[in-house]
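Below: the structure, in structure tokens.
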Amino acid sequence: RGAFMLQKAQPRQNPPPPKAPASEDAAEEALRRLHAGVVKQSLEEATEDLQNCGMNFNLEAAGQSYHLSLDGYSQHLGTLLLQTMDSLLETGFKSAAFSRAHRSLLDDLSDTSRRAPYEMALDALGAVTTKGAFSREEVLASLKQVNETRLHSYLAALRAGGFRAQLLVFGNVGKAAATQLAGKAASSLVLGGGAAQQPTGQLISALQARKAQVWVASRPVELRMRNPIPGDLNHVTLSVYQYGVTDVGERVRMLLLGKMIENPVYQTLRTKDQLGYIVFGFVTEHSGVLELRVLVQGSKESPDRVDVDIDEVIDKFGSSLRNMSHTAFVGWKASIRSALNHKDQNMAQEADRYWSQISSDGHCFNRKELALQYLDSLDGPESVAQTFEKLRHGHKKVSVKMFGAGLPTKPKPSALQAPAAKGDVPLFLLNAADSSEKRRLVASTDTYYPTDTICRIAA
């Protein structure tokens, strides 16, 4: 029920399709996004009365699955849930709904000016390092080939393959009512949309469903690409250092690193060197894998020059970390403790916090308590410094260099030789974020991080 005692609730549902065949390509992602758009178009008129009564829904293609969220008064949730679930597998969509959804998605993917260059660099990183992910250009090219017949075939295959359903009902709904909603959602996935209500689908297990996996960078990787916004002079340099799947203790140490490195990165690269007007240094989770990322967007220096500057900042930070005083470390611990104890400001935030553990199959609902327990046990920066050394010298760096208009993307010979001085690990160059380059990368080391969550403090 949560901390917000309102006459409302917020169900979250995540139906991932079954594991993909070996021939999976960008066309399937295009079809998944288009399908979500068609469903929303089809439901606009059907749910108008419910939306006027304060009910809302959103359906989107999220990675390799669909994400459905509802929000509104608890007594109407069952009705809205059934309408959206029935439409999800309804094959009798109208041509007008298809045309509107197709045009909207085409416009969104074609108009690169709708997004900042750094956002597209982050997307390119995901396309290269995430299993089953594809670049914007590939999805757009596939979408242009999709017609109504192709979407009908996709829906037939989707129903035959089955779904794995995950559901959270949060708010002013009791256990019996929530269980009833879960039963309705499951029945809808099995029976499919439409009035016939004949069994056309199936539910599958967690082992049968797809999960995003991150490629293990066992050597330095560099993606060089053109800024897709015509005439835009901005460059983007994105340096990513993979750490891996962590236990709770390692996670706390990585959170401390992320907090500590924010100011050195910003003060040096943004304020002092003025290399870009968008500068971030942070730790984030990428499909269960913790990564340290430094991002710079600007037009002053080339990505090759900025990449060197980023390495220098990180090396300097490592030296200061090893010499950090006890008083300073206690201050950083207090900052992380405050962040961990931050209270949800509304029902949506609280629901999302629980949902993140359900949708990822982590089920680590006591992670906060374990993290605070480990944080209290830290006496000094030594263990954090060890984590930094592992992160920095593990050859798990992935760089995305996006070049603005007028600057060639081809690297200079000196740039190719630079990584060899750092442990004689050769640099792997990618010229695009497309499937052919990705296959070439994966062929060099076909290893992915596990998807298991480690919900404990390791000895």
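The values are calculated or read from the model by the stated rules, or taken from the named source; none is laboratory data. Given the structure is predicted, the values throughout are model-derived calculations rather than measurements. Counting neighbours? That spans all protein chains shown, and the Cβs are built from the backbone with ideal geometry, glycine included. Side chains are part of the model used for accessible areas, which takes the heavy atoms of the whole protein and leaves out ligands, DNA and RNA. Shrake-Rupley method; radii C 1.70, N 1.55, O 1.52, S 1.80 Å.
Annotations
- 3J(HN,Hα) along the range 450-459: x, 9, 6, 9, 9, 9, 6, 9, 5, 5 Hz, from the Karplus curve 6.51 cos²θ - 1.76 cosθ + 1.60 with θ = phi - 60°, whole Hz, x for Gly and Pro.
- The Rg/Rh ratio of the range 64-105, with both radii computed over alpha carbons and Rh defined as the Kirkwood radius, is 1.05.
- Surface composition of the range 216-344: carbon and sulfur make up 50 percent of the accessible area, probe 1.4 Å.
- Normalised per residue, the accessible area of the chain is 46 Å², obtained with a 1.4 Å probe and no contribution from ligands, DNA or RNA.
- Degrees between helix 347-359 axis and first principal axis of the chain (Cα, 0 to 90, nearest 10): 80 degrees
- All other residues whose Cβ lies under 14 angstrom from that of Leu375 are scored, Lys and Arg at +1 and Asp and Glu at -1, for a net of +2.
- One equal scatterer on each Cα of the range 123-278, no solvent, Debye formula: the resulting log10 I(q)/I(0) at q = 0.18, 0.21 Å⁻¹ is -1.23, -1.38.
- Net charge of neighbours whose Cβ lies under 14 Å from the Cβ of Ile454, counting Lys and Arg as +1 and Asp and Glu as -1: -1
- Burial ranking of peptide ranges 218-224, 58-64, 339-345 (average Cβ count within 10 Å, highest at the top): 218-224, 58-64, 339-345
- Net charge of Cβ neighbours under 12 Å - reference Asp307; Lys, Arg +1; Asp, Glu -1: -2
- The range 305-333-the range 278-294 distance, computed between alpha-carbon centres (Å): 16 Å
- Share of carbon and sulfur in the accessible heavy-atom surface of the range 64-180 [1.4 Å probe, %]: 49 percent
- The chain: angle of helix 367-377 to the longest principal axis, Cα-based, in degrees nearest 10: 20 degrees
- At 0.692 mPa s and 37 °C, Stokes diffusion of the range 213-343 via Kirkwood alpha-carbon radius, µm² per second: 203 µm²/s
- Computed helical MRE - 222 nm, the chain, DSSP H runs ≥ 4 contributing -39500 (n - 2.57), nearest 500: -14500 deg cm²/dmol
- Angle in degrees between helix 77-88 and the longest Cα principal axis of the chain, rounded to the nearest 10: 80 degrees
- Calculated over the range 194-290: convex hull of Cα atoms, volume per residue (Å³): 238 Å³
- Over all Cα atoms in the range 332-373, the spread is summed up by Rg and Dmax: 11.4, 31 Å.
- Each DSSP beta bridge with both residues in the chain is either parallel or antiparallel, and the antiparallel ones are about 80%.
- Estimated D of the range 288-385 in µm² per second, where Rh is the Kirkwood radius over Cα pairs and Stokes-Einstein applies at 4 °C, 1.567 mPa s: 77 µm²/s
- Counting every pair of alpha carbons in the chain, the share spaced more than 38 Å apart comes to 31 percent.
- No Cys partner within the rule (Cβ under 4.7 Å), the chain: Cys53
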